[in-house]
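The values are calculated or read from the model by the stated rules, or taken from the named source; none is laboratory data. Keep in mind it's a predicted model, so treat the numbers as computed, not measured. In this analysis, Cβ positions are derived from the backbone assuming ideal geometry, glycine residues included, and neighbour counts consider all displayed protein chains. For accessibility, only protein heavy atoms count, side chains too; no ligands or nucleic acids. Shrake-Rupley method; radii C 1.70, N 1.55, O 1.52, S 1.80 Å.
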Amino acid sequence: MNNERPYLSIIIPAYNEQSRIADSLYKVKDYLSQQSYRSEIIVVDDGSRDLTTEVVKFIDIYGKETKEQEEGQLMENIKNVGKGFSIARGMIKASGDIVLFSDADLSTPIEEVEKLLPYFEQGFDVVIGSRKLADSEVEKKPWYRDAMSLVFNLAVRTLSVPGIKDTQCGFKAYRRDAAQRIALLQRIYGFGFDVEHLYIARKQGFKIKEVAVKWEHMDGSKVDPVKDSIRMFTDLLKIRWLHRAM
């Protein structure tokens, strides 16, 4: 067994993803197998009611037997708690020098991590993918996603983390010590956790870099335009209250 610590840990939160988790894992595993550094994949199943966990286990067995790829790690929440909770669990478990979380649909292709990694050598602690910079390559989103994003980003810049154009892109990387510190302080387990991570990072003195990435709209989003908008705005107020003494 290779006891060398991984350079990169990739966390993939999953909830009822049986239809696309296989394709995503194939892509991630094939990409990582071509890199010179050691890596690990941690899938955190958030209480799925379908065959997500069975598919993940099969892909691991297939990769090990046919491509000599290392098995990933599968963590299972007893019930559906939230994407933020799943990512925090993965962050605490991760052993890589750099910890990246990526949405299960790979709306930002895994190859885009190459744009983030160099900034850690420049002294940044948190490097986040962004769909709002001049060099970002973004496929047109449904109108309601654009509307939600516009209003929510305005609220975020006003209430939480001014200066960051895109807090919600599901492609963020952290130094392991920053990832674990942030995860331990995190209290928001729904979609507002991204903002909380950046709010905590600022409060803790971590250096944040926003980097333009490619992003493609994928069908099957679990975002509810009305309910989740209300939850996210509520989370913004909670974040300031929960960390008022930090």
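Can you give me the angle between helix 83-93 and the longest principal axis of the chain, using Cα atoms only, in degrees from 0 to 90, rounded to the nearest 10?
The angle comes out at about 60 degrees.
For L117 and L51, calculate 0.36 nm times their separation in residues minus their Cα-Cα distance, and state this gained length in nm to one decimal.
Details: separation 66, 0.36 × 66 = 23.76 nm, distance 3.31 nm.
Using 0.36 nm per residue and subtracting the Cα-Cα distance, I get 20.4 nm.
Give me the compactness ratio for the chain, meaning the Cα radius of gyration over 2.2 N^0.38 Å. Spell out each step's value before the answer.
Working: Rg = 17.2 Å, N = 246, 2.2 N^0.38 = 17.8 Å.
Compactness ratio reported: 0.96.
If one takes the longest principal axis of the Cα atoms in the chain, at what angle in degrees, from 0 to 90 and to the nearest 10, does the Cα axis of helix 193-203 lie?
Value to nearest ten degrees: 70.
Set the bar at 32 Å for Cα to Cα. Now go through K93/K238; K57/K214; K140/K209 and name every pair that lies beyond it. Don't skip to the end; give the middle numbers.
Details: K93/K238 26 Å; K57/K214 29 Å; K140/K209 24 Å.
Those over the limit do not exist; all pairs fall within it.
Expressed as a fraction of 2.2 N^0.38 Å, the rule-of-thumb size for a compact globular protein of N residues, what is the C-alpha radius of gyration of the range 1-94?
Numbers: Rg = 12.9 Å, N = 94, 2.2 N^0.38 = 12.4 Å.
Normalised by 2.2 N^0.38 Å, the Cα Rg of the range 1-94 equals 1.05.
Considering only the chain, what is the antiparallel percent among its DSSP beta bridges, to the nearest 5?
Numbers: 8 of 30 bridges.
Restricted to the chain, the bridges split so that about 25 percent are antiparallel.
State the percentage of accessible surface on the chain attributable to carbon and sulfur atoms; use a 1.4 Å probe and exclude ligands, DNA and RNA.
Values: 6220 of 12050 Å².
The nonpolar share, carbon plus sulfur, comes to 52 percent.
Name the long-range amide H neighbours of M75: under 5 Å, sequence gap of 5 or more, or other chain; modelled H, no Pro or chain starts.
Counting only residues 5 or more places away or on other chains, the set is V43, V44, D45.
Order K214, K57 by their accessible area, 1.4 angstrom probe, all chains in place, largest first.
Numbers: K214 70, K57 105 Å².
Ranked list, largest accessible area first: K57, K214.
Averaged per residue, what accessible area in Å² does the range 25-100 show with a 1.4 Å probe, protein chains only?
Averaged over the residues of the range 25-100, the accessible area is 51 Å².
Can you tell me the orientation of helix 143-159 relative to the chain, as the angle in degrees between its alpha-carbon axis and the longest Cα principal axis, to the nearest 10?
60 degrees
Taking the mean number of other Cβ atoms within 10 Å as a proxy for protection, how do you rank 201-211, 165-175 from highest to lowest? Can you show the working numbers first?
Numbers: 201-211: 17.3, 165-175: 22.9.
Result, highest mean Cβ count within 10 Å first: 165-175, 201-211.
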